[in-house]
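Every number in this text was worked out from the coordinates using simple rules, so none of it is lab data. Quick caveat, the model's predicted, so the values are computed rather than measured. All Cβ positions, even for glycine, are placed from backbone atoms using ideal geometry, and neighbour counts span all protein chains on display.
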Amino acid sequence: MNLTLYKDIQEAKRKGEKKFVVLIDPDKVRLGKIDKVLQLAMDANVDYFFIGGSLIVNNMLDEVLINIKKKCNIPMILFPGNSMQLSYRADGLLFLSLISGRNAELLIGKHVITAPFLKMSPLEIMSTGYMLIDGGVPTTVQYMSNTTPIPAAKDDIAMTTAMAGELLGLKMIYMDAGSGAINPVPTSMIESVSGATDIPLIVGGGIRTPEKAEENARAGADLIVVGNAIEKDPELIMDMSAAIHSVKVNV
Ligand code: 1GP
């Protein structure tokens, strides 16, 4: 088993370096277009792919993973929208607990069901406190999870939720405004959460420009996730990556 993903993420955080993550939704992938994304991702030194979506309606997950692995060596981390989205073909898995919500199934229920499978799997499992932040538009995750996102102006709720996640032993926090959010996670909220916790912080949802990505990294995000904007314009990968990797904070 290759257990270096989390070590690398921690090490980067310790050095004040930032990681760029491209989200690939197997539902939206056209196998022709993905080749271009893979090439650009390799050229731009993308750090990780997150693979997942809140609704995977086709059976492309394995095929997408096989195709990516054949063509590039960027680690693939599953970001599952539900417990069907598991595959040994990835490198790692975000074992998500939806700590911003109060849906017991998504806090612990599904985890109990998938634990025996995951325990035997070669995947590197990274427990992650997932916090949905109001991004100005109802998202698929919000609807599917039947939970209320943390209001965008409530930095204190985000901060204390993340602190509780850390104290429970979760290895990372993922603040997500949801795919296609109108408003990304507010900078002040990123600052509050990163200032109050020591575990790596993932931020995503509605990030469309390199400037915003860089601002989030400077505010304390350790991994920046971009999906939609890159699906629309894969060339954006180069500038996004340069912006995120240009940030090195003193720690
Ligand atoms: C969604 O954080 C991710 O879960 C990425 O969001 O597709 O809006 O970039 P976007």
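Mean shadow of the chain, computed from the convex hull of its alpha carbons, in nm²?
Numbers: hull surface 47.1 nm².
Projected area, direction-averaged: 11.8 nm².
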### Message
Under 24 Å between alpha carbons, and skipping anything fewer than 8 positions from LYS71 in its own chain: which lysines qualify?
### Response
LYS19, LYS28, LYS33, LYS36, LYS232
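Excluding the sites themselves, what is the longest stretch of the chain that contains no trypsin sites (Lys or Arg not before Pro) in a DSSP loop with at most 14 other C-beta atoms within 10 Å? Please report the intermediate quantities before stating the final value.
Numbers: sites that count: ARG30, ARG102.
For trypsin sites (Lys or Arg not before Pro) (loop position, at most 14 other Cβ atoms within 10 Å), the longest site-free span of the chain is 103-251.
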### Summary
For the chain, percent of DSSP beta bridges that are antiparallel (nearest 5) comes out at 5 percent
### Task
With springs connecting C-alpha atoms under 10 Å apart, model the chain as a Gaussian network and identify which of PRO234, PRO186, PRO116 has the largest mean-square fluctuation.
PRO116
